[in-house]
Amino acid sequence: MTVQEQYELLEKTVRGYNPAADFDHIRAAFDYANRCHEGQKRKSGEPYIIHPLAVAQIVAEELKLDSESIEAALLHDVIEDTPATHEDVAHLFSPTIADLVEGVSKLTRIQYATKEDEQMENLRKMLIAMSKDIRVILIKISDRLHNMRTMEYQSPEKQKQKSLETMEIYAPISHRLGMQRMKWELEDLSLKYLDPVGYEEIITRLDVKRPEYDAFLSRTQDQIRARLDELGIQHMVYGRIKHPYSIYRKMFSQNKSLDEIFDLFAFRVLVDTMGDCYNVLGVIHDIYKPIPGRFKDYIGTEKPNGYQSLHTTVMGPDGLPFEVQIRTWKMHEVAEYGVAAHWKYKQNGQGSGTEGRYEWVRRLLENQEGADAEEYIHSLKVDMFADEVFVFTPNGDVQNLPAKATPIDFAYAIHSAVGNRMVGAKVNNRIVPLDHVLKNGDIVEILTSKSAKGPSRDWVKIAKSSEARSKIRQWFKKEKKEENIANGRSSFEQELRHSGLTMRDVTENLALLLKKVSYGTLDEMYAAIGYGGFTAQKAVSRMRGELQRIARQHQEAAESLQRTEEPPVPQPRPVKSEQGIIVEGLDNCLVKFSRCCTPVPGDEIVGFITRGYGVSVHRADCPNAAPERRAGQEGRWLKVTWGSDTNESYPTTIEVVSKDRMNLILDISTALSSTNTFVSGLNSRSTEDGFAVIRLEIRVRDGVQMKTIMNKLNQISGVLRVTRPAG
Ligand code: MN
């Protein structure tokens with residue numbers, strides 16, 4: 001067939017299903033492609049234009065597409081393989097046709113490598129998503145079909161590689177789009193190159209058995225036809241041997257020889273109405289014995305891709321089982337040509353129960369209601385993946401992200417550690433900002449650094465995927481938690497020292513103390529303190545209470561032990577004290593009482609190691625012992641306690657603020673002498689606004705006596721305030 005004859009066949013085919021097609025434009029596209037490819041040859045030695053012509057023929061014959069698709073098929077290689085540009089095609093034909101051609105070229109440029117199933121599925125989706133217009137993928141499949149039909153001229157490596165790609169990408173997409181006939185042919189052609197031996201074996205065996213099989217096919221066909229004619233059911237019946245790849249798969253998966261394959265034959269009965277389908281089924285089950293469990297009603301429950309048919313497997317008279325498929329002509333067209341058939345039939349989107357992954361096909365099909373082929377085709381934008389974008393990792397894996405995703409989404413989709421260490425990103429080898437919007441087919445590379453500071457707060461706003469956003473939030477929560485624990489620990493430890501307790505006191509009674517503060521672990525408590533949900537003061541005061549209770553318990557236990565046991569346990573060595581003070585960890589050290597706060601027995605006290613003067617004892621609430629004063633010299637503060645052998649008396653100071661009046665000093669002296677208080681000094685000054693501040697240097701035994709004295713002073717008429725100065 002000459003090129004001219006082939007072109008005429010194309011026109012004739014198009015005219016057959018679409019007399020209104022734009023033949024002027026189709027002719028122009030052919031002429032332009034012919035000129036562009038002039039001088040180029042296929043591997044077979046034929047002029048290159050044979051290929052685009054053949055692809056257009058497939059698009060017309062198999063898919064019955066519109067004029068634009070035929071033109072685009074004729075032009076599909078001009079942008080990729082000739083000097084023609086998108087602008088040229090857009091100018092000469094139309095921007096839509098230029099987009100279709102450009103779309104096919106883009107799909108051609110994608111590099112494939114065999115991957116695990118999930119990756120292949122993503123790759124298929126990416127292809128469909130990149131197509132934008134469903135016609136792009138349909139032309140691409142037609143292109144692939146013709147290339148597979150003429151694969152014999154390619155090198156063995158190329159044959160294998162293209163066949164694998166076809167098997168993993170294009171055949172499944174054809175299936176997904178409901179184009180069974182093209183799917184079979186693609187599979188058989190691929191098998192031929194992927195397992196030539198297995199393929200040949202099947203073809204050879206089928207050839208050998210052909211006369212036998214053909215006889216069986218026509219005998220059975222006649223039987224069915226005769227019975228249906230008898231009953232006056234309009235029909236067409238034909239039988240076929242299943243296609244080689246389907247037999248191959250059965251042999252392979254069931255490890256059976258060709259003779260053992262259960263149903264090698266399939267008969268098809270086409271009728272006018274759905275009612276007839278069920279009538280024919282009854283007839284078939286009457287003639288042949290149905291095999292239980294093999295009946296499937298895809299009319300009552302159609303397949304997600306729109307497929308409708310009745311399937312049953314029966315046993316033939318010669319003991320050969322075979323499958324019978326019964327459907328209407330309309331259902332048949334849909335089964336054979338899938339999406340393309342729907343354009344022709346304007347299927348009213350009936351049928352519900354569309355399952356998830358085929359949902360987009362359904363949407364696509366429903367859209368065409370009431371539209372003419374030429375009109376409808378324009379709305380066939382591939383929007384089923386409008387909310388997704390598919391991009392490549394540098395090693396060719398496909399990442400599936402939400403539409404408008406950024407490198408941030410990509411990084412966190414790879415791994416949260418990649419996201420947390422991201423310092424930049426490259427798209428198609430160019431550095432891009434982190435809010436760069438990714439497009440289908442982009443190759444994305446994330447630049448990371450071990451010293452990265454981690455995500456920034458803005459990233460949560462930039463990221464489009466909930467996965468990335470939650471991983472970023474997690475990072476902040478976790479980081480903050482560590483920060484909280486650190487802060488909480490430090491204020492707790494400060495408070496602990498302030499109250500004269502040590503970490504050892506805490507750890508030795510940890511379980512009881514944690515119970516007292518109602519936290520599972522110290523870190524949890526620290527985190528709460530750091531976060532502000534709990535205070536170090538409360539923690540320490542509750543712990544101190546608990547420690548005192550524990551100490552009392554121990555003491556009581558020891559005492560009761562002493563009482564009950566005959567030989568008294570030896571008394572623990574009395575702790576040596578200096579002036580009634582026990583300094584933790586230090587025996588016989590020089591102790592002096594600070595002048596600033598003058599503690600007396602009963603006061604909570606702390607010790608400070610002075611430079612050269614021993615340990616100076618402060619009241620715990622003395623400003624000079626306050627945490628801020630301790631900064632930098634925490635190590636010099638010690639836990640000190642009052643011993644049981646305190647001194648006779650301790651010097652201390654009391655300050656009285658009173659309204660200035662006659663006999664005030666006399667009244668104070670009386671109060672002091674009535675409590676047997678030794679006074680070593682008294683200093684009084686009057687303020688300008690009529691008050692008197694009296695400072696008393698006295699000696700007391702302990703806090704109890706102190707309290708009594710202060711109460712007494714407080715009762716004196718005119719006295720406003722009695723305090724123990726400190727600091
Ligand atoms: Mn091509």
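The values are calculated or read from the model by the stated rules, or taken from the named source; none is laboratory data. Owing to the predicted nature of the structure, the values given are computational and were not obtained by experimental measurement. For neighbour counting, all protein chains shown are included, and Cβ atoms are generated from backbone atoms with ideal geometry for every residue, glycine included. Quick note on the areas: whole protein, heavy atoms, side chains included, nothing else; ligands and nucleic acids left out. Shrake-Rupley method; radii C 1.70, N 1.55, O 1.52, S 1.80 Å.
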Picking from Ala171, Ala72, the residue that is over 29 Å from the mean Cα position of the chain (by Cα), among the hydrophobic types (A, V, I, L, M, F, W, C) and away from the ligand (no atom under 16 Å from the Cβ) would be Ala171
Quick one: in the range 121-133, of everything that is out of contact with any helix residue (DSSP H, G or I) (no Cβ under 7 Å at 6 or more places or on another chain) and open to solvent by less than 30 Å² (accessible area, probe 1.4 Å), which residue is farthest from the ligand (Cβ to nearest atom)? Asn122
Only one of Leu107, Leu100 is within 30 Å of Leu401 (Cα to Cα), open to solvent by less than 20 Å² (accessible area, probe 1.4 Å) and more than 11 Å from the ligand (Cβ to nearest atom), namely Leu100
Among Glu116, Glu80, the single one that is at pLDDT below 85 and open to solvent by 50 Å² or more (accessible area, probe 1.4 Å) is Glu116
So is Ile141 out of contact with any Lys or Arg (no Cβ under 8 Å at 6 or more places or on another chain), closer than 24 Å to Leu74 by Cα and assigned to a helix (DSSP H, G or I) or not? yes
Within the range 14-25, is even one residue within 22 Å of Ser105 (Cα to Cα) and either more than 16 Å from the ligand (Cβ to nearest atom) or open to solvent by 40 Å² or more (accessible area, probe 1.4 Å) (or both)? yes
Enumerate the pairs (first residue in the range 611-632 and touching a residue at least 12 places away in the same chain (Cβ under 8 Å); second residue anywhere and of a type in the set (A, V, I, L, M) and open to solvent by 70 Å² or more (accessible area, probe 1.4 Å)) with beta-carbon separation below 6 Å, excluding pairs fewer than 6 apart on the same chain, so at least 6 apart or on different chains. Gly614/Leu590
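Results for (1) farther than 24 Å from Lys192 by Cβ; (2) aromatic (Phe, Trp, Tyr), shown as yes or no for each residue.
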position	(1), (2)
Asn255	no, no
Gly275	yes, no
Tyr298	yes, yes
Pro321	yes, no
Among the helices (runs of 4 or more DSSP H) lying completely within the range 448-518, list those that include at least 2 residues that are free of Cβ contacts under 8 Å to residues at least 12 places away in the same chain and open to solvent by 60 Å² or more (accessible area, probe 1.4 Å). 466-498, 503-508, 510-517
Of residues in the range 392-444 being open to solvent by 60 Å² or more (accessible area, probe 1.4 Å) and of a type in the set (Lys, Arg), the one farthest from Ile110 (Cα to Cα): Arg421
Among what's in the range 46-67 and is surrounded by fewer than 24 Cβ atoms within 10 Å (Cβ to Cβ) and charged (D, E, K, R), pick the residue that is farthest from the ligand (Cβ to nearest atom). Lys64
Could you figure out which of (1) under 21 Å from Leu145 (Cβ atoms); (2) more than 14 Å from the ligand (Cβ to nearest atom) isn't true of Asp31? (1)
Residues that are more than 23 Å from Pro317 (Cα to Cα), in contact (Cβ under 8 Å) with a residue 12 or more places away in the chain, in a helix (DSSP H, G or I) and polar (S, T, N, Q): does the range 243-260 have at least one? yes
I'd like the residue in the range 140-152 that is touching a helix residue (DSSP H, G or I) at 6+ places or on another chain (Cβ under 6 Å) and more than 19 Å from Gly441 (Cα to Cα) and, out of all such residues, is nearest to the ligand (Cβ to nearest atom). Asp143
Exactly one of Ala33, Ala60, Ala28, Ala54 is under 22 Å from Ser131 (Cβ atoms), touching a residue at least 60 places away in the same chain (Cβ under 8 Å) and part of a helix (DSSP H, G or I), and that one is Ala54
